[in-house]
Amino acid sequence: MKVKKVMHKGATCVEARTSVREIAKQMRDSDVGAIPIKANGQLVGIVTDRDIACRALGNSGDIGKMTAKDVMTKKVVCCSPDDDVEVAIEVMEAKKIRRLPVTDSHKAMIGMLSLGDISHRVGKGTSGEVLRAVSGHHV
């Protein structure tokens, strides 16, 4: 099965100058745990709820002045819509990440592949294995 059959199509992206507070509001309102960051139409980073908790709040920064650029993960691991889901799952397991942005050949964001997406489209055994591997560092 291909990633494009499993992924959530579309994603709200913001610019690197967007405030952390605005990103948190977008996460709440969209019920998502990650917001991709773009520049010139290309994916340049991602801010997760964990980034906000650890890099903004945990580092005692002035959250009122912080932007996506201050807290985002810059080296974003992505996949292609034409990748096999099994390959994407292997990447998620190896990197211990819960979400993979899906980008086209120009690094433009076209969707997101999450553990939730996988759990709804593949068998319970595979879903359980991915979850166990991704959260393995908590054991």
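The values are calculated or read from the model by the stated rules, or taken from the named source; none is laboratory data. Source: prediction; values computed, not measured. For neighbour counting, all protein chains shown are included, and Cβ atoms are generated from backbone atoms with ideal geometry for every residue, glycine included. Just the protein is used for accessible areas: all its heavy atoms, side chains included, with ligands, DNA and RNA removed. Shrake-Rupley method; radii C 1.70, N 1.55, O 1.52, S 1.80 Å.
Observations on the structure shown:
- Given (1) among the hydrophobic types (A, V, I, L, M, F, W, C); (2) open to solvent by less than 30 Å² (accessible area, probe 1.4 Å); (3) modelled with pLDDT of 90 or more, index of the condition Met92 fails: (3)
- Check on Lys69, open to solvent by 60 Å² or more (accessible area, probe 1.4 Å), of a type outside the set (Val, Ile, Thr) and closer than 12 Å to Ile23 by Cα: yes
- Of all residues making up the range 2-14, the number that are open to solvent by 60 Å² or more (accessible area, probe 1.4 Å) and touching a strand residue (DSSP E or B) at 6+ places or on another chain (Cβ under 7 Å): 4
- A count restricted to the range 95-104 and to residues that are open to solvent by 50 Å² or more (accessible area, probe 1.4 Å) and within 18 Å of Gly10 (Cα to Cα) stands at 3.
- Test for Lys107: is it on the phi > 0 side of the Ramachandran plot, at pLDDT below 90 and open to solvent by 80 Å² or more (accessible area, probe 1.4 Å): yes
- Leu57 passes every criterion in (1) open to solvent by 90 Å² or more (accessible area, probe 1.4 Å); (2) under 13 Å from Met7 (Cβ atoms) apart from (2).
- Selection status of Asp83, within 26 Å of Lys5 (Cβ to Cβ) and either open to solvent by 80 Å² or more (accessible area, probe 1.4 Å) or charged (D, E, K, R) (or both): yes
- If the condition is being in contact (Cβ under 8 Å) with a residue 40 or more places away in the chain and open to solvent by 20 Å² or more (accessible area, probe 1.4 Å), then the range 33-47 contributes Lys38, Gly41, Gln42.
- Options Arg28, Arg50, Arg17; residue that is over 16 Å from the mean Cα position of the chain (by Cα), surrounded by fewer than 17 Cβ atoms within 10 Å (Cβ to Cβ) and either of a type outside the set (S, T, N, Q) or assigned to a strand (DSSP E or B) (or both): Arg17
- Selection within the range 86-111 - in contact with a Leu (Cβ under 8 Å, 6 or more places away or on another chain), aliphatic (A, V, I, L, M) and outside any strand (DSSP E or B): Ala88, Val91, Met92, Ala108
- Residue check for Arg132: outside any strand (DSSP E or B) and modelled with pLDDT of 85 or more: no
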